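The values are calculated or read from the model by the stated rules, or taken from the named source; none is laboratory data. If you're wondering where the values come from, they're calculated on a predicted model, not measured in any experiment. Note that we place each Cβ from the backbone using ideal geometry, even for glycine, and neighbour counts take in every protein chain shown.
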């Protein structure tokens, strides 16, 4: 996503009416926060011969695909960019049907709210929880996860990704524990039954106890398909009858929602008929505000909305003195009369629920130990952080359904909207952050799955399959998935469009490489190995098309070179045009983007992808000709001499990008007239003509050959890489490896007057994980740098674990990035996407190498 209007790779969420006191039903005119910036000689002939062979292979295959695909009638005007890839969907494979599919049907798949339940279907019955917190002496609604709520902490302490989760939330004077449990028993409908328990305590005493003494919580059920929901009766007394609501759906049959509690609860309700479920907290607040003005009471009005309109949303207000506990039980398949119904409700509430929650908690603890085996590696305090890391990653998995908005390709004539709609699609995926980025990001997902496959390989394959099913006819996958009204409500409209010329690092190959290595090393059962192999065999055509898209659309002018498309070459605002498609946003690249660029990181990603595809072909024993082609590409891209000639600067002793570049660029203030007013604006000023050269900025990009383990253990260049990593004047800090060297002219420089440095100094966990993986590799490989690599590895690992632990216990969160000077958490919180890799660092579980196949 490029252009002057797009500042960063990730987008900040829209502000919500949730920020306003409920006694003011006018929405505040909050300013939308802009998105965070996620953000030569003798061998020349040999280069060109190899390049022409690769290029001929890529182009010929591309046109074969094009010829085949163009023969299909998709309509006279339908653009290719919104045409699905013509192959069977991976999610239709038998391994994702039957028991597997039903077992994952219900879940906490609404990560953007503090507690939300839905099914994996396009128009689901959904449920969720809101409550009234207190801010500056006034009530405010809590519902959607947002940083402005300033909660002490929130997040899952336990979650198995399937049928159990435990979450702790601290909201000033309130301490809330939520539990989720799913059961599939006799007579239950498709997907089974589930329960939500909320346990509310007060943290305040003395003068503040009164305002926190009564809790007001709102549990709701809503049908996205518009089906009517029936109230059990006009006056709700759960001690007479626990039934709150009921309804019927094609997927689960008849269903009922029950509430049981031993405490004295006051219950009120309100019904709504609307398709705009993403605005539900707004509706509830306006409803409450109206009641306060009308009757002076803080309660819902006990009505179902306008006469003649059967509601598809019911909201139940539960008010009680603190502490109290309440159990909500959802039972399905109730259209079949059964004597088991009462027993099913009983299993999901009270002491029976308590017993099962304890059993599930113990099961989580046992599985955590089996999967990660931390006992002899870290202390118990670190283990708590590790459990929170995997629990929040699994608890943050969401299900989304909708259509991405795609920018209109050049030379395509379209009337009306300036975007195209992708086909309706589903996505089951982990998310980077429940508050800031509660949706799918392509390059993040590869890092997420490095953890998830070790916990549950079936969930991992399911998620990867969903992503690969988003591949279009050209082999492109939109990098940011904003699907459905709820996801869209968190993103300002100007940041929604996806650009089909731009890629994103194909990190899913990291996971697939690991899975193949795991089969060889016997890490999986025979049944699991068979499922993985079958998946890879069926996925190979999509993976091949994905690679071909990169190998044609991102190919450089020079042999074996690639560059990220989408940089703005006419900007007058950016100090250094961002490379959003790389995932590294404002990391310094050539000052003047053009087709002469050679991006080191993309070349390394292409080697990973080619090597992984080569191993898949050998594993599945199919497409022998394709195997030979990928073997050739791997040999070309892993050629150490070629890599060094194109990217290694001997004078500097580091790997760099190459491009049209000058260091003499600055931002200066300029007076600009805007009507009758004059404004000072920062504009880019170039003080000398750029020239083709290495781009002399040491940082994460410089370390990609090292992270990919492409440097021979005996090479003197490995020693130079260790020098850069361990030198506190360049990359080393006591908290982790910084993203950009202190020697860089752009170190901690703003890219525009509005964009603070993002990948220009702070410490990022995904890159540090890959650096540690390489250090661990070289510490075990015979060579002159073995002991030095071990020493650096041990110190870096210790620094990273210690700093993340200290931040977690001090703030209650894992963070997006960490300050290179103080170690303090920065950016989004909670950020339990790739920062969760700290658990793999604790367990010393690293990804397999790039470039040299194990098969």
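Only one of (1) in a helix (DSSP H, G or I); (2) touching a strand residue (DSSP E or B) at 6+ places or on another chain (Cβ under 9 Å); (3) under 22 Å from residue 566 (Cα atoms) fails for residue 548. Which number is that? The one condition residue 548 does not meet is (2). Reported count of residues in region 747-764, each being surrounded by 21 or more Cβ atoms within 10 Å (Cβ to Cβ) and in contact with a strand residue (DSSP E or B) (Cβ under 8 Å, 6 or more places away or on another chain), is 7. Residues in region 722-750 that are part of a strand (DSSP E or B), touching a helix residue (DSSP H, G or I) at 6+ places or on another chain (Cβ under 8 Å) and under 22 Å from residue 589 (Cα atoms): 732, 737, 740.
In region 257-279, of all residues being in contact with a helix residue (DSSP H, G or I) (Cβ under 8 Å, 6 or more places away or on another chain) and in a strand (DSSP E or B), the one that is surrounded by the fewest Cβ atoms within 10 Å (Cβ to Cβ) corresponds to 260. Do we have residue 603 as under 34 Å from the mean Cα position of the chain (by Cα), assigned to a helix (DSSP H, G or I) and closer than 24 Å to residue 580 by Cβ here? Yes; evaluated as a whole, the condition is true for this residue.
Here 335, 351 are screened, and the one residue that is more than 30 Å from residue 834 (Cα to Cα), loosely packed, with under 15 Cβ neighbours inside 10 Å and touching a strand residue (DSSP E or B) at 6+ places or on another chain (Cβ under 6 Å) is 335.
What residue, of 637, 687, is within 30 Å of residue 534 (Cα to Cα) and at pLDDT 95 or above?
Result: 637 is the single residue among 637, 687 that is within 30 Å of residue 534 (Cα to Cα) and at pLDDT 95 or above.
For residue 326, the conditions (1) more than 33 Å from the chain's Cα centre (by Cα); (2) crowded, with 16+ Cβ neighbours inside 10 Å all hold with the exception of (1). Flag: residue 532 does not match the condition of being in contact with a strand residue (DSSP E or B) (Cβ under 9 Å, 6 or more places away or on another chain), surrounded by fewer than 24 Cβ atoms within 10 Å (Cβ to Cβ), modelled with pLDDT of 95 or more and farther than 20 Å from residue 550 by Cα.
Within region 315-334, is there a residue that is over 20 Å from residue 267 (Cβ atoms) and at pLDDT below 95?
The answer is yes, given that some residue of region 315-334 is over 20 Å from residue 267 (Cβ atoms) and at pLDDT below 95.
From the list 342, 365, the one residue that fits, being out of contact with any helix residue (DSSP H, G or I) (no Cβ under 7 Å at 6 or more places or on another chain), over 30 Å from residue 830 (Cα atoms) and not assigned by TED's automatic domain parsing to the domain that holds residue 89, is 342. Would region 691-708 turn up any residue that is surrounded by fewer than 14 Cβ atoms within 10 Å (Cβ to Cβ) and assigned to a loop (DSSP other than H, G, I, E, B)? Taking every residue of region 691-708 in turn, none turns out to be surrounded by fewer than 14 Cβ atoms within 10 Å (Cβ to Cβ) and assigned to a loop (DSSP other than H, G, I, E, B). Residue 99 falls short on exactly one of the conditions (1) closer than 27 Å to residue 371 by Cβ; (2) assigned by TED's automatic domain parsing to the domain that holds residue 279; (3) out of contact with any helix residue (DSSP H, G or I) (no Cβ under 9 Å at 6 or more places or on another chain), and that condition is (2). All of 119, 87 fail the test of being surrounded by fewer than 21 Cβ atoms within 10 Å (Cβ to Cβ) and modelled with pLDDT of 95 or more, apart from 87. Of all residues in region 298-333, those that are touching a helix residue (DSSP H, G or I) at 6+ places or on another chain (Cβ under 8 Å) and assigned to a strand (DSSP E or B) total 6. Note on region 116-143: residues that are more than 21 Å from residue 319 (Cβ to Cβ) and in contact with a helix residue (DSSP H, G or I) (Cβ under 6 Å, 6 or more places away or on another chain) amount to 0. Of the residues that make up region 803-820, is at least one assigned to a helix (DSSP H, G or I), within 19 Å of the chain's Cα centre (by Cα) and closer than 30 Å to residue 612 by Cα? Looking for residues that are assigned to a helix (DSSP H, G or I), within 19 Å of the chain's Cα centre (by Cα) and closer than 30 Å to residue 612 by Cα, one finds none in region 803-820, hence no.
One line per residue, one yes/no per condition, for (1) outside the structural domain of residue 372 (by TED's automatic domain parsing); (2) closer than 30 Å to residue 368 by Cα; (3) modelled with pLDDT under 95; (4) crowded, with 22+ Cβ neighbours inside 10 Å:
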| residue | (1), (2), (3), (4) |
| --- | --- |
| 417 | yes, no, yes, no |
| 426 | yes, yes, no, no |
| 433 | yes, yes, no, yes |
| 438 | yes, yes, no, yes |
| 444 | yes, yes, no, yes |
| 453 | yes, yes, no, yes |
| 458 | yes, yes, no, no |
| 462 | yes, yes, no, yes |
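Which fully enclosed strands (runs of 3 or more DSSP E) of region 334-429 have 1 or more residues being within 25 Å of residue 199 (Cα to Cα)? Even if it seems obvious, please write down each step before you answer.
Details: elements: 398-402, 405-407, 419-421, 425-429.
Hits in region 334-429: 398-402.
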